[in-house]
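*Asks:* I'd like to ask you about the structure that follows.
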Amino acid sequence: MIRLLALLLLLASPALAAEEMLMLPGPDGTRLQTRLCRPDTPGPHRLLIMNHGAQFRAEIRSVLVPAPCDSEPVDWFTDRGYAVAVPLRRGHGASTGEWMESFGPCEDPDFLRVGRETARDIRAVLEELLHHPGIEPDHAVILGESAGGWGSIALAAERPSGVAAIINVAGGRGGWAGGRARQNCAAPRLIETMGLFGRTARVPMLWLYAINDSYFGPSLAGSMFEAFTAAGGVAEMTVLPQTAPDGHFMFFHDKGSETWGPRVELFLRSLAPPVTALR
């Protein structure tokens, strides 16, 4: 009788929407616009939070929207059983609050502070969605591109609970200094800050950079990786072949998943327990 009642209650429960647009609580009373995309398989589903890069122009930030559920990277992960959250951080799109992602003057940047500010938004989304209906309460994956990757590494340094892995795609700050490709604001400080993150980061990480990244090329990325792992950080790094005209934007580039997808799947399957599902 109890089993029958439980089954009837389950059948009577409304199905969770395949897509939700949420306004989640953020730092300091703000609200973070977040698109949540669910697989078409029974839940609960493991969570993946996909974090965007930086946008310095206010007129562009104000009109941004979270990537749609049918965009290639989101679809790649939902096909593998993840519920994918695509948040906009403070000061972007419909998210409220002040934009906090300037690192200051190029000659004296504060990469540590800006990384921690980005991490605050990511953490807020994580902590809210791990208690959301249909989401597993642990084994989340954090993925960040460019400034989102930098913030994801900063989050790793805080040892967040409920996180199984972090994927850094072309992460960094201060690229294109003076309007020149592969010139970085205070590159030694960027590397030093990565070492600071590595002192306390213990979440398994995968770093992906493209050989033709105009912001953070293989040499600078390699120096950041060495500083991070030498300090104790746990990470693997792969330099991928040219995919897009500028490899910095490979993640959302058309058919980009054909290049980064196999490496991501291998990484996720290597974890214990694996945090990917067969299609």
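Coordinate-derived values only; no laboratory data. Source: prediction; values computed, not measured. Reconstructed Cβ throughout: ideal geometry from the backbone, glycine too, with neighbour counts over all protein chains shown.
*Asks:* Hey, what do the phi angles of the stretch 29-35 turn into as Karplus ³J(HN,Hα) couplings, whole Hz, using 6.51/-1.76/1.60 and θ = phi - 60°, x for Gly and Pro?
*Replies:* With the stated coefficients, the stretch 29-35 comes to x, 7, 10, 10, 5, 9, 8 Hz.
*Asks:* Also, I was wondering about something else. Using modelled backbone amide H atoms (1.01 Å from N, in-plane), which distant-in-sequence or interchain residues come within less than 5 Å of MET237's amide H?
*Replies:* Placed amide hydrogens put TRP207 under 5 Å from MET237.
*Asks:* Rounded to the nearest 500, what is the chain's calculated 222 nm mean residue ellipticity when only DSSP H runs of at least 4 contribute -39500 (n - 2.57) each, over all residues?
*Replies:* Details: 8 runs with 92 residues, N = 279.
One gets -10000 deg cm²/dmol as the mean residue ellipticity at 222 nm.
*Asks:* Quick one: what are the phi-derived ³J(HN,Hα) couplings along the stretch 205-221, Karplus 6.51/-1.76/1.60 with θ = phi - 60°, whole Hz, x for glycine and proline?
*Replies:* Using θ = phi - 60°, the values come out as 10, 10, 10, 10, 9, 9, 5, 10, 6, 7, 8, 10, x, x, 5, 5, 4 Hz.
*Asks:* So for HIS131, HIS45, fewest C-beta neighbours within 10 Å to most, what's the order?
*Replies:* Numbers: HIS131 9, HIS45 19.
The fewest-first ordering by Cβ neighbours comes to HIS131, HIS45.
*Asks:* Restricting to Cα atoms and excluding each atom paired with itself, what does the Kirkwood estimate give for the stretch 152-248 in Å? Walk me through the numbers on the way to the answer.
*Replies:* Values: mean 1/r = 0.0744 Å⁻¹.
Its Kirkwood hydrodynamic radius stands at 13.4 Å.
*Asks:* Using unit Cβ charges (K, R positive; D, E negative) and no other charged atoms, how large, in debye to the nearest 20, is the dipole of the stretch 162-279 about its Cα centre? The partial results should precede the final answer.
*Replies:* Values: 10 positive and 8 negative charges, 40 e Å.
With Lys and Arg at +1 and Asp and Glu at -1, about 200 debye.
*Asks:* Pick from LEU266, LEU130, LEU155: which is most flexible by mean-square fluctuation in a GNM of the chain where alpha carbon atoms under 10 Å apart are linked?
*Replies:* Largest GNM mean-square fluctuation: LEU266.
*Asks:* Work out, step by step, the length gained on full extension between HIS131 and ALA272: first 0.36 nm times the residue separation, then minus their alpha carbon distance; give nm to one decimal.
*Replies:* On the way: separation 141, 0.36 × 141 = 50.76 nm, distance 2.24 nm.
Between HIS131 and ALA272, full extension yields 48.5 nm more.
*Asks:* Enumerate the residues in the stretch 180-223 having an amide nitrogen under 14 Å from the point lying 7 Å beyond the Cα of ARG159 toward its Cβ.
*Replies:* In the stretch 180-223, the label zone of ARG159 (backbone N under 14 Å from the point 7 Å along Cα→Cβ) covers 198-204.
*Asks:* Also, quick follow-up: Just rank CYS185, CYS37, CYS69, CYS106, fewest to most, by other beta-carbon atoms within 10 angstrom. Before the final figure, lay out the partial values.
*Replies:* Details: CYS185 20, CYS37 25, CYS69 17, CYS106 13.
Placing the least packed residue first, the sequence is CYS106, CYS69, CYS185, CYS37.
*Asks:* Using modelled amide H (1.01 Å from N, peptide plane; none on Pro or chain starts), what sits under 5 Å from the amide H of ILE135, excluding residues fewer than 5 places away?
*Replies:* Residues meeting the amide H criterion: HIS45.
*Asks:* While we're here: For the chain, what does the relative contact order come out to in percent, with C-alpha contacts under 8 Å and a separation of six or more? Walk me through the numbers before you get to the answer.
*Replies:* Details: 601 pairs, mean separation 44.0, N = 279.
The value is 16 percent.
*Asks:* May I ask for the net charge around LEU64, where only other residues with Cβ less than 11 Å from the Cβ of LEU64 are counted and Lys, Arg are +1 while Asp, Glu are -1?
*Replies:* Values: positive: ARG57, ARG61, ARG89; negative: GLU59.
The answer is +2.
*Asks:* Taking a quarter of the surface of the convex hull around the Cα atoms of the stretch 64-142, what do you get in nm²?
*Replies:* Taking the Cα atoms of the stretch 64-142, their convex hull projects to 6.6 nm² on average.
*Asks:* Report the Stokes-Einstein translational diffusion coefficient (µm² s⁻¹, integer) for the stretch 136-202, Rh taken as the Kirkwood radius over Cα pairs, at 37 °C with viscosity 0.692 mPa s.
*Replies:* 258
*Asks:* I need the calculated FRET efficiency for the pair GLU107 and MET21, taking r as the beta carbon distance and R₀ as 51 Å, to the nearest 0.05. The partial results should precede the final answer.
*Replies:* On the way: r = 41 Å, r/R0 = 0.80.
Between GLU107 and MET21 the formula returns 0.80.
*Asks:* In the Gaussian network model of the chain, springs joining C-alpha atoms below 10 Å, which of LEU48, LEU208, LEU22 carries the largest mean-square fluctuation?
*Replies:* Of LEU48, LEU208, LEU22, the most mobile in the Gaussian network model is LEU22.
*Asks:* In whole Å, what are the Cα extents of the chain along the three principal axes, biggest one first?
*Replies:* If we take the Cα atoms of the chain, the spans are 70, 38, 35 Å.
*Asks:* Moving to a separate point now. Determine the dipole magnitude for the chain: charges of +1 sit on the beta-carbon of Lys and Arg, -1 on that of Asp and Glu, nothing else is charged, the reference point is the Cα centre, and the result goes in debye to the nearest 20. Can you show the working numbers first?
*Replies:* Numbers: 25 positive and 30 negative charges, 79 e Å.
Here the chain has a charge dipole of around 380 debye.
*Asks:* Here is a follow-up. Find which of PRO137, MET21, MET250 sits farthest along the positive direction of the dipole of the chain, computed with +1 on the beta-carbon of Lys and Arg, -1 on that of Asp and Glu, about the Cα centre.
*Replies:* The listed residue farthest towards the positive side: PRO137.
*Asks:* Another question, then. Quick one: 3J(HN,Hα) in Hz for the stretch 74-85, Karplus 6.51/-1.76/1.60 with θ = phi - 60°, rounded, Gly and Pro as x.
*Replies:* Per residue, the Karplus-derived 3J(HN,Hα) values read 4, 4, 4, 7, 5, 4, 9, x, 8, 8, 9, 9 Hz.
*Asks:* In what order do SER257, SER71 fall by count of nearby beta-carbon atoms within 10 Å, going from fewest to most?
*Replies:* SER71, SER257
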